[in-house]
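Q: My questions all concern the structure below.
Just so it is clear, none of the values below were taken in a lab; they were calculated from the coordinates. Since the structure is predicted, the reported quantities are computational estimates derived from the model, not experimental observations. Neighbour counts run over all protein chains shown; Cβ positions are idealised from the backbone, glycine included.
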Amino acid sequence: MSYRKDKLSGILRIYLIGFMCSGKSSLGRALAQNLGWKFIDLDEEVMVRERMTIPEIFQEKGEDYFREAEFKTLKEISTLEYIVIATGGGLGANREAVEYMKSMGKVVWIDVDFEEFLKRCGKDKNRPLLRRGEEELRKLFEERKKIYSLAHLHVKSKNSKEESLRELMQALFKK
Ligand code: S3P
């Protein structure tokens, strides 16, 4: 299947949303490269602006501060065009943020199974939410799915990045 950029007519921004470890950042980077667009990882952008890691922001300023900072950063970088943006797992679970992204571009939900998420993420120290117990995370996962599903497109995260990318490209270029 060959893809032509002009078939993405009118789309200036592609936002990837979904739970932690669904592969948003690595897929987003690969997608941007394929399209010849710019890529921004929102978590990284927040860290640069705040000059702190995410665990430090959570610890020193609190989760609410982080949530405000990521939404504010999202709005600022959404002035750019021809850009793929990988968002943090909490932003795509915020209805207001999803509506905002939908008004600015195409929103794609990268959907990972809960068991796969556990396998991939383990006890990653850079993700403060992973300090929560498995049951609490499962509840959060189910709750968030209701908002993630408001995205324009739904792509299942596969075991291989190449396969996920193929699905993502097919979803984006489908008429
Ligand atoms: C979060 C996900 C993280 C990061 C922060 C909070 C969440 O991003 O924004 O740790 O609430 O799900 P990833 O989805 O890239 O892990």
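Q: Can you put 157, 25 in order of Cβ neighbours within 10 angstrom, beginning with the fewest?
A: 25, 157
Q: Treating only the Cβ atoms of Lys and Arg (+1) and Asp and Glu (-1) as charged, compute the dipole magnitude of the chain about its Cα centre; round to the nearest 20 debye.
A: 640
Q: Give the relative contact order (percent, whole number) for the chain; include only Cα pairs under 8 Å separated by 6+ residues.
A: 34
Q: Along the charge dipole of the stretch 73-163, which of 107, 153, 90 sits closest to the positive end, that is, farthest toward it, with unit charges on the beta carbon of Lys, Arg, Asp and Glu (+1, +1, -1, -1)?
A: 90
Q: Follow-up. Return the sequence-ordered ³J(HN,Hα) values of the stretch 19-27 in whole Hz as given by the Karplus equation 6.51 cos²θ - 1.76 cosθ + 1.60 applied to θ = phi - 60°, using x for Gly and Pro.
A: Ordered by residue, 3J(HN,Hα) equals 5, 4, 6, 7, x, 4, 5, 5, 5 Hz.
Q: Using alpha carbons only, how many degrees (0 to 90, rounded to 10) separate the axis of helix 134-148 from the longest principal axis of the chain?
A: Tilt relative to the chain: about 40 degrees.
Q: Using amide H atoms built in the peptide plane, which far-off residues or other-chain residues are under 5 Å from residue 111 H to H?
A: 155, 156, 157
Q: Another question, then. If every alpha-carbon in the chain counts as one equal scatterer, what log10 I(q)/I(0) does Debye give at q = 0.19 1/Å?
A: Evaluating at q = 0.19 Å⁻¹ gives log10 I(q)/I(0) of -1.34.
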